[in-house]
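J.: Sending over a structure as structure tokens; questions will come in a sec.
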Amino acid sequence: MNTTLLIAVVIYEVLLIGGIAIWLTRQGKEHENEDVAFELGGRNLPVSVIVPTLALTVLGAAHILGIFEMSWFMGAAAMWFGLANAMALAVVCVSTGLWARRMGVTTVPEMLEQLYGEGVRIAVSCTMAGAIFGILTLETQGLGIILATMTGWDIQSGALLGGILGVLYVIFAGMKEVGWINLFNAILMYISLILATYFIAQGLPNDDFSSVTQYYSSLDQAQMLTIFGSAEIMLTFALGIVVAVVFSVPASQLILQVTMSAKSEATVKKSLWLAVPLNGLFGVFTIVIGLTAKSLPEFNELGPKLAAPSMLIEMLPPWLSVMLISSFLAAVLSTFAMTSLGPATIFSNDIYKRLYNPNASETHTAKITRLAIIVLAAIAVAVATSLPPILAAIPWLLSWLIPVMWLMIAGLLWRASNISAIITISSGWLINMLWSFSPLAQWLNMEKIPNAYAVLAVTVVVGIVTSLICPGNKGYFRENSTTANATN
Amino acid sequence: MFWTIFGEASLIIGITLVISFLALQLQNKKDSK
């Protein structure tokens, strides 16, 4: 058990979160009547805050623990998980993120109500909040594992401490708080990753990674050292993960809440240039760490889950271990914060305010959002240990969002038909359930086809056919071309 | 090893950014019409 390490990491997180919360709370008194101050930072966040928040929101437990483990089996090709998220961020910055900011909405379901009516808003609210909550439970599991590795505690206690830190990350000032903490954590993250890679190389023979290359070459596994791996990995894993992430993440509340908070559309466009590399290159460091740990006999015998974290604690000087683990924890905490803020905002705006209290003030709605964050986080902590492994669950959860992406693209740019929307989302969601929980894939002899492919295929086919047949209106931006061209 | 993986990842990210840049240019052109 490494108590000093744990105390140092917790002190860093508490000081950073506390300092920013106090600063923002003082400032907040002047801005408390701003439009959606808590949920969207008053729609006034600058590039310096949007960049790290975009990058860190889709960089969580799977990027760290998942890539450590995946690189053990498939080598550098595991990088495609990180690259898929970077590609999704690019899609957000050139399309869905701009659309969400332009329409001046607070949630994705609210955006869909403008295209398809109330029924679709409620259906998507429930499903999207559920899918993002699912990711929150997995992030909580990740927090539990990271803290348990450091301390020797059980995962449940680690998840509880992580959950408390995660709630503190967001509860004081909402989106603004998450954004500013992310700015500091992103800087810390890259400094510590670069230093850690340097120190690990110094600890290897020849002071570089040549011994790691030799290890894999001697086993005739040179393909482990390139992100292009083997043709089979490219076709099954790489393409599968790119499809699952690129066709789901850009439509999720999780990431669009960030662009809705931006000062302007130009802020979102500018953020592209830094957010994409900041997010995408993170995986390079975790893969190098994972591959190195496997090549060293003393860590190899610990297996895929423990080798890399143990190597970091043993090979790095204590001050750098504290920095690196703090930054890993921060990456997971930032995703925890956004995955709790996202469904909480959907609950307060699309369910509570829309259905039960349409005249609720901004301050009252923010209170409901805060309450929902605490309830969601508490449930996530309670169920975190009885969940499937992080990487097995994420593609299934993301597949729920693929039909929503279709509704957004079709309704804004092509044709908005209420009946088609209902049929399309129902078909997409049904096939996701059947693919996982019935022998359908087996009957079709397609067990190796991931959920994302099946959901995407059904969504596109049903979406196109029903849009052509069912009555509907022109796409929102085709009908409102002046709005489409406005605001930079 | 580090630089190979870094270079390959940078290549993919670079291609993503170039495509995004072209998409933004196309949008700007369309909007200015």
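J.: Take the residues in the range A:103-115 that are buried (at least 24 other Cβ atoms within 10 Å of the Cβ) and of a type outside the set (S, T, N, Q), then tell me which one is farthest from the other protein chains (Cβ to nearest Cβ). Steps first, answer last, please.
T.: Quick first cut of the range A:103-115, residues buried (at least 24 other Cβ atoms within 10 Å of the Cβ) only: A:106-109, A:111-112.
Still in the running and of a type outside the set (S, T, N, Q): A:108-109, A:111-112.
Working: A:Val108: 21, A:Pro109: 25, A:Met111: 19, A:Leu112: 22 Å.
My answer is A:Pro109.
J.: So, one more: Look through the range A:179-229, keep the residues that are at positive phi and not in a helix (DSSP H, G or I), and return whichever of them is nearest to the other protein chains (Cβ to nearest Cβ). Quick ask: steps written out before the conclusion?
T.: The first filter runs over the range A:179-229 and keeps only residues at positive phi, leaving A:206-207, A:220, A:229.
Right, trim to not in a helix (DSSP H, G or I) and you get A:220, A:229.
Details: A:Asp220: 16, A:Gly229: 11 Å.
Ranking the candidates gives A:Gly229 first.
J.: Mind listing whichever residues of the range A:259-268 are of a type in the set (A, V, I, L, M, F, W, C) and either touching a Gly at 6+ places or on another chain (Cβ under 9 Å) or within 7 Å of another protein chain (Cβ to nearest Cβ) (or both)? Outline the logic, then answer.
T.: Of the residues in the range A:259-268, the ones of a type in the set (A, V, I, L, M, F, W, C) are A:260, A:262, A:266, A:268.
Answer for the range A:259-268, where residues must be of a type in the set (A, V, I, L, M, F, W, C) and either touching a Gly at 6+ places or on another chain (Cβ under 9 Å) or within 7 Å of another protein chain (Cβ to nearest Cβ) (or both): A:Met260, A:Ala262, A:Val268.
J.: I would also like to ask the following. For A:Val284, indicate whether it is assigned to a helix (DSSP H, G or I), under 23 Å from A:Ala84 (Cβ atoms), touching a Lys or Arg at 6+ places or on another chain (Cβ under 9 Å) and of a type outside the set (Ser, Thr, Tyr). Lay out the reasoning, then the answer.
T.: Working: assigned to a helix (DSSP H, G or I): yes; under 23 Å from A:Ala84 (Cβ atoms): yes; touching a Lys or Arg at 6+ places or on another chain (Cβ under 9 Å): no; of a type outside the set (Ser, Thr, Tyr): yes.
The answer is no for A:Val284.
J.: Cβ-Cβ under 6 Å, sequence separation 6+ or interchain: first residue in the range B:8-19 and more than 7 Å from every other protein chain (Cβ to nearest Cβ), partner surrounded by 14 or more Cβ atoms within 10 Å (Cβ to Cβ) and not polar (S, T, N, Q). Which pairs?
T.: Matching pairs, first to second residue: none at all.
J.: Counting residues that are over 29 Å from B:Gln25 (Cβ atoms) and touching a helix residue (DSSP H, G or I) at 6+ places or on another chain (Cβ under 8 Å), which helices (runs of 4 or more DSSP H) fully inside the range A:1-108 reach at least 2? If you could, list the steps in order and put the result at the bottom.
T.: Working: elements: A:3-31, A:37-40, A:47-57, A:67-74, A:79-91, A:97-103.
Correct list: A:3-31, A:37-40, A:67-74.
J.: Still on this structure, please answer the following. Looking at the range A:78-89 only, could you name the residues that are within 22 Å of A:Gly303 (Cβ to Cβ) and either polar (S, T, N, Q) or facing chain B (nearest Cβ under 10 Å) (or both)? Before the answer, list the steps.
T.: Here is the first cut: in the range A:78-89, the residues within 22 Å of A:Gly303 (Cβ to Cβ) are A:78-79, A:81.
Listed by number, the list holds a single entry, A:Met79.
J.: Among the candidates A:Gly174, A:Gly130, A:Gly134, single out the residue that is buried (at least 24 other Cβ atoms within 10 Å of the Cβ) and either modelled with pLDDT of 90 or more or not charged (D, E, K, R) (or both). Give the derivation first.
T.: Details: A:Gly130 fails: buried (at least 24 other Cβ atoms within 10 Å of the Cβ); A:Gly134 fails: buried (at least 24 other Cβ atoms within 10 Å of the Cβ).
Checking each option against the conditions leaves just A:Gly174.
To keep it simple, each residue is scored yes or no on (1) crowded, with 20+ Cβ neighbours inside 10 Å; (2) at pLDDT 95 or above; (3) facing chain B (nearest Cβ under 8 Å).
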| position | (1), (2), (3) |
| --- | --- |
| A:Lys270 | no, yes, no |
| A:Trp273 | no, yes, yes |
| A:Val276 | yes, yes, yes |
| A:Gly283 | yes, no, yes |
| A:Thr286 | yes, no, no |
| A:Thr292 | yes, yes, no |
| A:Asn300 | no, no, no |
| A:Pro304 | no, no, no |
| A:Pro309 | yes, no, no |
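J.: Just give me the residues in the range A:80-138 being in contact with a strand residue (DSSP E or B) (Cβ under 9 Å, 6 or more places away or on another chain) and closer than 18 Å to A:Leu398 by Cβ, in sequence order.
T.: A:Gly97
J.: Hey, does the range A:241-259 have a residue that's surrounded by fewer than 18 Cβ atoms within 10 Å (Cβ to Cβ) and polar (S, T, N, Q)?
T.: Scanning the range A:241-259, I find no residue that is surrounded by fewer than 18 Cβ atoms within 10 Å (Cβ to Cβ) and polar (S, T, N, Q), so the answer is no.
The values are calculated or read from the model by the stated rules, or taken from the named source; none is laboratory data. The model shown is predicted, which means the values in this text are computed figures rather than measured ones. Because the Cβ atoms are built from the backbone with ideal geometry, glycine has one as well, and the counts that use them run over all protein chains shown.
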